[in-house]
Amino acid sequence: MKIAFSTPELPKQGCLVVAVGEGPHFGKIVALLARRDINLKKAAATHGFKGKAGETLNLLSQGKFSRITLVGLGDAGKLTLQKMAEAGGQACGALPANRVEEVFAFIDLPEKSEAKRADFEAAFAQGFLLRSYRFDKYFTKTPKDKKPILAQLTVLSGDAKKARKRFEPMLAVAEGVFLARSLVNEPANVVYPETLANACKKLRDLDVDVQILGPAQMKALGMGSILGVARGSENPPRLVSMVYRGAGKSGGAPLAFLGKGVTFDTGGISIKPASGMEDMKYDMAGSAAVIGAMYALAVRKAKVNAVGVIGVVENMPDGKAQRPGDVVTSMSGQTIEVINTDAEGRLVLCDVITYAQHKFKPRAMVDLATLTGAIIIALGNEHAGLFCNNDDFAKQLIQAGLAVEEKLWRFPMNEAYDRQLNSDIADMKNASNDRVAGSIFGAQFLARFVEKKTPWAHLDIAGMAWARRDLPLTPKGATAFGVRLLNQLAEAFEK
Ligand code: BES
Ligand code: MN
Ligand code: ZN
């Protein structure tokens, strides 16, 4: 979809979106439409439209307009970029994409918000764009009149040049989100380790160094833990690093974004039940978020040094698959008793964490992983779990999450949990034997691979990676949770 910013003059006809604060708090738009013999106030009142955040109203055949869609901004005194983006998303969601080709949007801001108009217009456009995403390449029988035709949003802008400038980095982020969503939405016979690694190569056009390791190189580096997971699959694993140096030499050590990239998780020999197993194609959502975030940083030329490292494998059961009770040696030298082959994400990430530390000496690390079902039991689909060894870094992440509505909730970690990972035969086991605190044990396991108190955070995104219903900024399906959060975090580190 194309996004444009034009003069504030209303078009003669077509589809108009009007964003308005709670009340409804109408401003200029009422007089502008009165000249077209449209009584907007009355129409809104007739339908009980109040302008609450998320509220929409479709008014059909208004004068020469085919439709006027109202979208609420909520309290006009408390507008934020995120709220504007959500309003844009809700507006998009309220329109029939198979009936509307071009949309004009007028943001009816209260006088005192005028100073931020360009930012708000850009954010509204970004939200609209994010919601317009669709993954329909595999439908072959859609009738012509059901095919989406929505092709352009034109924001009627107070200062089009300024708004366009503000929109530039937001477009980069939206593209990063789309990239991540599409990688997650693709089925596992299309996205598997080799093809996921190949998808990273497109970042090479953006001044990102992309290095791809195959099983032989991983073996030479001693990555026995991730290789143990890969054993049961015909598709060999990959380890991909993406290096972006937007702050140059003087920018110092990079931020490291690490991702779990299990392109399909059957559970391995500790096999999962059949029902719902198809969901496990999204077990690479952590790595997709890392790819999307690296893409966004590179396209918007963020002044920050960042590396993305993802471990990409398929967790399958076959005659060569690892067995419960097997002992593997991780790249760190620590040995692991694999008591459950379905706790494979941590076996992937532990070698990624060690590799990232040895190779890049990062100033801080964030890993993203659909690590545990238990985090969904604890937090549902509202927050990702946050586990962190550093209070300041945890606060920074929570803050970044609030700014983009990718919310985090911090969990405790300590020695008492850690102790329960001790094994009778190796340095540790990969899960606790109890069915309690499953997400914390996953995090405690990873913490054993963090060296020298490097600030490290683990985001358990199992409940956030996939939406079962439409959300303001995301149609149902892959969400790309983490792309906007990592971008926001990186912004705080820009020089
Ligand atoms: N990929 C799953 C976690 C998951 C579950 C993600 C549901 C998304 C939705 C992970 O590899 C897994 O199987 N975890 C186990 C860990 C257990 C064996 C300690 C789990 O959560 O049951
Ligand atoms: Mn698993
Ligand atoms: Zn998994």
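Every read-out reported here was derived from the displayed coordinates using simple, explicitly stated rules and does not represent laboratory data. In this text, all values refer to a predicted model and were calculated from it rather than measured experimentally. As a convention, Cβ positions derive from the backbone with ideal geometry for all residues, glycine included, and neighbour counts pool all protein chains shown.
In this simple spin-label model, placing a label point 7 Å from the Cα along the Cα-to-Cβ direction at both Arg323 and Ala45 gives a separation of 7.9 nm. Shown here: the stretch 2-159, whose C-alpha atoms stretch 49, 32, 29 Å along the first, second and third principal axes, sorted largest to smallest. With unit charges on the beta carbon (Lys/Arg positive, Asp/Glu negative), name the residue among Thr335, Gln399, Gly228 whose Cα is farthest towards the positive pole of the charge dipole of the chain. Going by the charge dipole, the pick is Gln399. Take Asp75 and Lys116, extend 7 Å from each Cα along the Cα→Cβ direction, and tell me the distance between the two endpoints in nm. The two pseudo-label positions are separated by 1.3 nm. Once you reduce the stretch 447-484 and the stretch 370-425 to the center of their Cα atoms, the two points are 10 Å from each other.
In plain terms, the residue of His25, His358 with the fewest other Cβ atoms within 10 Å comes first and the most crowded comes last, giving His358, His25. Going from the residue with the fewest nearby Cβ atoms within 10 Å to the one with the most, Ser287, Ser182, Ser275, Ser233 rank Ser275, Ser182, Ser233, Ser287. Considering only Ser182, Gly214, Ala122, and ranking their Cα positions along the charge dipole of the chain that arises from unit charges at the beta-carbon of Lys, Arg, Asp and Glu, the one farthest toward the positive end is Ala122. Computed from point charges on the beta carbon alone (+1 for Lys and Arg, -1 for Asp and Glu), the dipole magnitude for the stretch 2-159 about its Cα centre is near 560 Debye.
Where the centre of each part is set by its Cα atoms, how far does the stretch 246-280 sit from the stretch 1-51, in angstrom? The two parts, judged by their Cα centres, are 45 Å apart. The tail of the calculated P(r) for the chain beyond 42 Å holds 23 percent of all Cα-Cα pairs. PRE reach from Glu168 (point 7 Å along Cα→Cβ): which of the stretch 458-495 fall under 17 Å by backbone N? Counting backbone N atoms under 17 Å from the label point, the list is 495. Using the Cβ-Cβ distance between Asp424 and Met277 with R0 = 30 Å, the FRET efficiency computed as 1/(1 + (r/R0)^6) comes to roughly 0.45. Peptide packing: for 139-149, 421-431, the average count of neighbouring Cβ atoms within 10 Å per residue gives the ranking 421-431, 139-149, highest mean first. Name the residue farthest towards the positive end of the dipole of the stretch 2-159 from the options Gly48, Thr69, Phe139, assuming +1 on Cβ of Lys and Arg, -1 on Cβ of Asp and Glu, about the Cα centre. Checking the options against the dipole of the stretch 2-159, the answer is Phe139. When only Cα pairs below 8 angstrom with a gap of at least 6 residues are kept, the stretch 2-159 shows a relative contact order of 33 percent. To the nearest 0.05, how large is the calculated FRET efficiency for Glu494 and Asn198 if R₀ is 41 Å and r is the Cβ-Cβ distance? The value I calculate is 0.85. Counting only residues at least eight positions apart within a chain, or on another chain, the lysines with an alpha carbon under 19 Å from that of Lys476 are Lys137, Lys146, Lys147, Lys281, Lys407.
The long axis of helix 483-493 is offset from the longest Cα principal axis of the chain by roughly 90 degrees.
How many angstrom lie between the C-alpha centres of the stretch 158-225 and the stretch 118-145? Each part's Cα centre sits 20 Å from the other's. What distance in nm lies between label points placed 7 Å from Cα along the C-beta direction at Glu415 and Asn189? Using points 7 Å along Cα→Cβ, the separation is 5.3 nm. Rounded, prolate or oblate: pick one for the stretch 344-495, where a ≥ b ≥ c are the square roots of the eigenvalues of its C-alpha gyration tensor, a/c under 1.5 means rounded, and failing that, prolate if a/b is larger than b/c, else oblate. In terms of gyration-tensor shape, oblate.
Summary: within the chain, the longest segment free of GluC sites (Glu not before Pro) located in DSSP loops with at most 14 other C-beta atoms within 10 Å is 235-381. Neighbour counts of C-beta atoms inside 10 Å place Thr335, Thr372, Thr46, Thr454 in the sequence Thr46, Thr335, Thr454, Thr372, starting with the fewest. When the C-alpha to C-alpha distance is required to be over 22 Å, the pairs from Lys78/Lys303; Lys395/Lys452; Lys12/Lys112; Lys50/Lys161; Lys272/Lys320; Lys202/Lys495 that qualify are Lys78/Lys303; Lys12/Lys112; Lys50/Lys161; Lys202/Lys495. Counted over the chain, the DSSP beta bridges are approximately 40% antiparallel.
Can you give the FRET efficiency for Arg435 and Lys28, using 1/(1 + (r/R0)^6), R0 = 41 Å, r = Cβ-Cβ distance, to the nearest 0.05? Once rounded, the FRET efficiency stands at 0.10.
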